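Peer 1: Sharing a structure below in structure tokens format, with a few things to ask.
The values are calculated or read from the model by the stated rules, or taken from the named source; none is laboratory data. Everything numeric in this text was worked out from a predicted model, so none of it was measured. The area values use the complete protein model at the heavy-atom level, side chains included, leaving out ligands, DNA and RNA. Shrake-Rupley method; radii C 1.70, N 1.55, O 1.52, S 1.80 Å.
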Amino acid sequence: QCQVSCFRHSKKDTHLAMTRPRAPGKPNDIFTYVRKFLSQRVTVFFIGVFAVWLVGNFAMIQYRKQRARYMQRILNEKWGNVEVDEVDESDPEAAIRFLHHRLQRECGHRGVGRDSRHIDNQKGPPQTAVALYKKLLKVYDNARADHHSFRPPVSTESGKAVWRDLEFSCFSQIGDDGLLMHIFGVLGPGQRTSVEIGYFPHEANTVALVTMGGFRGLLLDGGTDPLIARSWFAGVDKYLGILSEQHALPKANRTILTPTADDLRKSCAPWCLESCYNVHCSKAALDFKKPKVRRMMVTAENVRDVIDREFKSDAVSLDLLSVDIDGMEYYLLRALFAGGLRPRVVVSEFASHLGQTLALARPYSPDFYAAGDSWQYGVSLTALVRLHNRHGYRFIGCVDWNAYFIRVDALTAVEGGSAAFPEAQLGSCFYSDVSTRMTDIARMDKALLVEWAEV
């Protein structure tokens, strides 16, 4: 009996021992407390990181707003809240700077603070921007007529391109509209002829000069549907007519998918990428002058024939050529120069991840294609500079990934032209911060997995 009773008590004691909480600090329980300790520390760490990120972003937003207010205050000290027609032209440089900044605010600029915007999702610039653009053209014309000597650019912000303050983006992807306006404002418009190879209507370098500056332009691209381009440059009535025709087609056969008929019945139609415009809003786009558009693959073999066919005798005196085809830019330019066509101004995309020292391009192929995220396309800036130097051009700098070249004889033909556009250093086109450099190194590692040609 005693044995049975003791056995029962021992079972009870065993059960209590199993359910009783362990005393802290026991050797056999140390891992449990380590895990709890670490989990608490990790949680606190991530909360701290999030708090630092939040405070940092808030500080950056405040800094950008402060900088935008500062720039506006500087402008207002001279101009106040003047209307476009009241701009004082007695100081052309100040007037030009003021109008460029106003266009940055109206059209947008990706390199400027949050108070500005880029109009990727709008169908062209608003009417206020068109009025500013026309006024800026007039100021430049008057300054040239008075033989005004334009000062060379001065970099005002560390790590930024020297032309940053003059850039704006009404149609261009980045600030090219502003720099091209300045170039032809100083040099004069010439014959007002332009060709752009590789474009999309809301990301085209030459379109602002065509639609608002009186240029005669040709846009070439192997992928962009001409209907998209025509609808983008149409006024609201014509645009609605194109949409009506599209809505009558089966959905699988439509070129323009949005806005739908239901979208247009809403009080405010949504923005979208494929040529959509908010037709119910007050800032309706003007019926712009339209560039000619063609859908075709441009190669080194046919590029000269295409331009000659369009411009005939004016092709030799082409004012502006812009090339952005993600691959064979070098070979198209080389073929045009070899054939005697030397535009006054050339804009070409370059691959910044290839660095400042290598002169590289992909081997030529008329049907070349490389995926955008492969980084296995393009031409290095060094290769472009060497090519243009051999054919009498001066490298004047970049707008982000677009390099700019002006023919030397075009600079010397204008009083003060050479001084206004000095030779640029390659380093001015590359950001030196650690994040950008690390990104470029990673992209270059991918790019060098395929064959490149030293040019």
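Peer 1: Probe radius 1.4 Å, ligands and nucleic acids left out: which of TRP452, TRP163, TRP401 has the largest accessible area, and how do the rest follow?
Peer 2: Values: TRP452 40, TRP163 5, TRP401 80 Å².
Most to least solvent-accessible, the answer reads TRP401, TRP452, TRP163.
Peer 1: Arrange the residues HIS147, HIS101, HIS391 by how much accessible surface each exposes, largest first, with a 1.4 angstrom probe.
Peer 2: From most accessible down to least: HIS147, HIS391, HIS101.
Peer 1: A follow-up question, please. May I have the convex hull volume per residue, in Å³, for the Cα set of region 387-428?
Peer 2: Working: hull volume 2.9 nm³, N = 42.
Normalising the Cα hull of region 387-428 by residue number yields 68 Å³.
Peer 1: For region 386-443, what % of the accessible area comes from carbon and sulfur atoms, probe 1.4 Å? Display every interim value, and only then the final one.
Peer 2: Numbers: 1540 of 2770 Å².
The C+S portion of the solvent-accessible surface of region 386-443 is 56 percent.
Peer 1: Pairs LYS251/LYS290; LYS289/LYS312; LYS238/LYS312: which exceed 25 Å Cα-Cα? Walk me through the numbers on the way to the answer.
Peer 2: Working: LYS251/LYS290 28 Å; LYS289/LYS312 21 Å; LYS238/LYS312 31 Å.
Flagged as over cut-off: LYS251/LYS290; LYS238/LYS312.
Peer 1: How would TYR431, TYR404 line up by accessible area, probe 1.4 Å, largest first?
Peer 2: Final ranking, largest accessible area leading: TYR431, TYR404.
Peer 1: Would you mind getting the accessible area per residue of region 141-263, heavy atoms of the protein chains only, 1.4 Å probe, in Å²? Write down the numbers at each step before the final one.
Peer 2: Working: 4410 Å² over 123 residues.
Per residue, region 141-263 has 36 Å² of solvent-accessible surface.
Peer 1: What does the C-alpha gyration tensor say about the overall shape of region 338-387? Classify as rounded when a/c is under 1.5, otherwise prolate if a/b is larger than b/c, or oblate.
Peer 2: Working: a/c = 2.01, a/b = 1.35, b/c = 1.49.
Cα axes put region 338-387 in the oblate bin.
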